[in-house]
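Written below as structure tokens is the structure these notes are about.
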Amino acid sequence: NDTRTIAILGATGSIGDSTADIVLANRDRFHVTTLVGHSNVDKLAARAKALRAERAVVADERHHQKLKDLLAGTGIDVAAGRRAVIASAAEAADLVVCAMVGSPGIEPAMAAIEAGNTVALANKEALVCAGPVMMKLAAQKGVRILPLDSEHNALFQVFEDTNRSHIEAITVTASGGPFRTWDAERIRSATLSDALNHPNWTMGQKVTIDSATLANKGLEVIEAHHLFAMSPDAIKVVVHPQSIVHGMVHYADGSVLAQLGMPDMRTPIAAALAWPNRYQAPQVERLDLATLSTLSFERPDLERFPMLGLAFDAMREGAAAPALFNAANEAAVTAFVEGKCAFSDIATIVAMTMDQALAASTSRPFASLEDVLSADQNGQRLANAIVDDQLH
Ligand code: NDP
Ligand code: MG
């Protein structure tokens, strides 16, 4: 009997929506233990009922009473607060979907792995920050991290059937985002609504802005570095505006194997949730190459999109550098959303934060969860100070 128990952290977000679709399309294969949201309690309560979850947890404690009221009489347990979120990641489950956004997802992901739960990872920021610490814990606990991110899921699907010893390189594709064809001047003054106007994917606000700066691709390169133990020089990025080819693996004999699919997160989510089987994703439009007719590819432009180069620098630097890169980016994106800085300041803030942090730290340790969290806090603090005092 192939019923899996599944907990979904970030159940009220965009990945949460797609995950719910896959669970509902394969209803008898899943038993939902816990759903975690942050502030959207109405959606959390409705989803807990629709998925017949055992428990709903709201991270923001101010919504505890409202969640209780909404779920009164349903038999669904209710909890609130950050401790409850981390505890729910650590409860025994066949799969824990980590789909919170940003560094608040680090501790829950680590708690899930510590408890020996298989992790389906969308929250790339957690792996970027915790990198070697998370991979070491997963190896110690014998825990598999199944990637939900479309590019990594593509690579994972290709790797699955092959001998890993003759791989020369991997390629992650990038849509190029809404500013792919914009000149540097126009990008400098891009507005929030310009940045949120992604050509191919419908996603949460933070990852959409990261796609516009190409920080998302930078985070994904670091994610691939850890997930697949690939050296920085063996990780390639190619811009592919149609987002049909998601990832490619290059072999020593010149073969390149790729995974293709429509830009719809329900495909990689279904593949990860079913692994090593296959489940239905009936909602996904089927790929028809003759109708699409053209797939095109181009080199990323590191001058117009400096965040990608900064991410490669952080990956090569290693230790705390990726966590600092991520923390500065999270702070800068928040500042941009709040109207405190221009779009092009995001890269400036990140570059300044990295310079300041790396100049100040004479090889701080980076081996424990505490080290990861302190790098994250340090990066956020430095970046916020740059936003407040040093930007212009
Ligand atoms: P959304 O912003 O749509 O959703 C974020 C989710 O996290 C919501 O459920 C939100 O709750 C919850 N959340 C936010 N802060 C906290 C917190 N402090 N504690 C607990 N829960 C919290 O984001 P996405 O679904 O788009 O992205 C989620 C992750 O997946 C990101 O890391 C992103 O990079 C990654 N990803 C997303 C893709 C996509 O297509 N969307 C593709 C590939 C990766 P609430 O809404 O209730 O406040
Ligand atoms: Mg991706």
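The values are calculated or read from the model by the stated rules, or taken from the named source; none is laboratory data. Here the structure is a predicted model, which is why all the values come from computation and not from measurement. Here the Cβ is made from the backbone with ideal geometry for all residues, glycine too, and neighbour counts use every protein chain on show.
Given (1) of a type outside the set (A, V, I, L, M, F, W, C); (2) surrounded by 13 or more Cβ atoms within 10 Å (Cβ to Cβ); (3) at pLDDT 95 or above, identify the lone condition not met by Ser361.
Going through the list (1) of a type outside the set (A, V, I, L, M, F, W, C); (2) surrounded by 13 or more Cβ atoms within 10 Å (Cβ to Cβ); (3) at pLDDT 95 or above, Ser361 breaks only (3).
Is at least one residue of the stretch 179-189 more than 14 Å from ligand 2 (Cβ to nearest atom) and under 21 Å from Ala122 (Cβ atoms)? Full working, then the answer.
Going residue by residue through the stretch 179-189, those that are more than 14 Å from ligand 2 (Cβ to nearest atom) are 179-189.
From what is left, the residues that are under 21 Å from Ala122 (Cβ atoms) are none.
No - not one qualifying residue is present in the stretch 179-189.
How about the stretch 175-191: which of its residues are crowded, with 18+ Cβ neighbours inside 10 Å and outside any helix (DSSP H, G or I)?
Quick first cut of the stretch 175-191, residues crowded, with 18+ Cβ neighbours inside 10 Å only: 175-180, 187, 190.
Within the stretch 175-191, Ser175, Gly176, Gly177, Pro178, Phe179, Arg180, Ala190 meet the criteria.
Among the residues of the stretch 28-74, how many are aliphatic (A, V, I, L, M) and in a helix (DSSP H, G or I)?
Filtering the stretch 28-74 for residues aliphatic (A, V, I, L, M) gives 32, 35-36, 41, 44-46, 48, 50-51, 53, 56-59, 67, 70-72.
This time we only want the ones that are in a helix (DSSP H, G or I), so: 41, 44-46, 48, 50, 67, 70-71.
Going through the stretch 28-74 one residue at a time, the tally reaches 9.
Pull up the stretch 3-18, narrow it to residues that are in a helix (DSSP H, G or I) and of a type in the set (Ser, Thr, Tyr), then point me to the one that is nearest to Val32 (Cα to Cα).
Just the residues of the stretch 3-18 that are in a helix (DSSP H, G or I), to begin with: 14-18.
Okay, now just the ones that are also of a type in the set (Ser, Thr, Tyr), so 14, 18.
Details: Ser14: 18, Ser18: 15 Å.
Looking at the filtered set, the residue picked out is Ser18.
Suppose we keep only residues that are among the β-branched types (Val, Ile, Thr) and within 16 Å of ligand 1 (Cβ to nearest atom) within the stretch 1-32. Which one would you say is nearest to Glu285 (Cα to Cα)?
To start, the set of residues in the stretch 1-32 that are among the β-branched types (Val, Ile, Thr) comprises 3, 5-6, 8, 12, 15, 19, 22-23, 32.
Imposing the further condition that a residue be within 16 Å of ligand 1 (Cβ to nearest atom) reduces the set to 6, 8, 12, 15, 19, 22-23, 32.
Values: Ile6: 25, Ile8: 24, Thr12: 23, Ile15: 17, Thr19: 16, Ile22: 14, Val23: 18, Val32: 26 Å.
Among them, the one singled out is Ile22.
Which residue out of Ala112, Ala87 is of a type in the set (A, V, I, L, M, F, W, C) and crowded, with 17+ Cβ neighbours inside 10 Å? Working first, answer last.
Values: Ala87 fails: crowded, with 17+ Cβ neighbours inside 10 Å.
Step by step, each of Ala112, Ala87 is checked, and only Ala112 is of a type in the set (A, V, I, L, M, F, W, C) and crowded, with 17+ Cβ neighbours inside 10 Å.
Out of all the residues in the stretch 122-150, which are within 16 Å of ligand 2 (Cβ to nearest atom) and in contact (Cβ under 8 Å) with a residue 60 or more places away in the chain?
Of all residues in the stretch 122-150, those within 16 Å of ligand 2 (Cβ to nearest atom) come to 122-128, 145-150.
Listed by number, the residues that qualify are Ala122, Asn123, Lys124, Glu125, Leu127, Val128, Ile145, Leu146, Pro147, Leu148, Asp149, Ser150.
Condition first: among the hydrophobic types (A, V, I, L, M, F, W, C) and over 12 Å from Met265 (Cβ atoms). Now tell me which residues in the stretch 139-153 satisfy that.
Across the stretch 139-153, the qualifying residues are Ala139, Val143, Ile145, Leu146.
All but one of (1) more than 26 Å from Pro365 (Cβ to Cβ); (2) surrounded by fewer than 16 Cβ atoms within 10 Å (Cβ to Cβ) hold for Val58, so report the exception by its number.
Condition not satisfied by Val58: (2).
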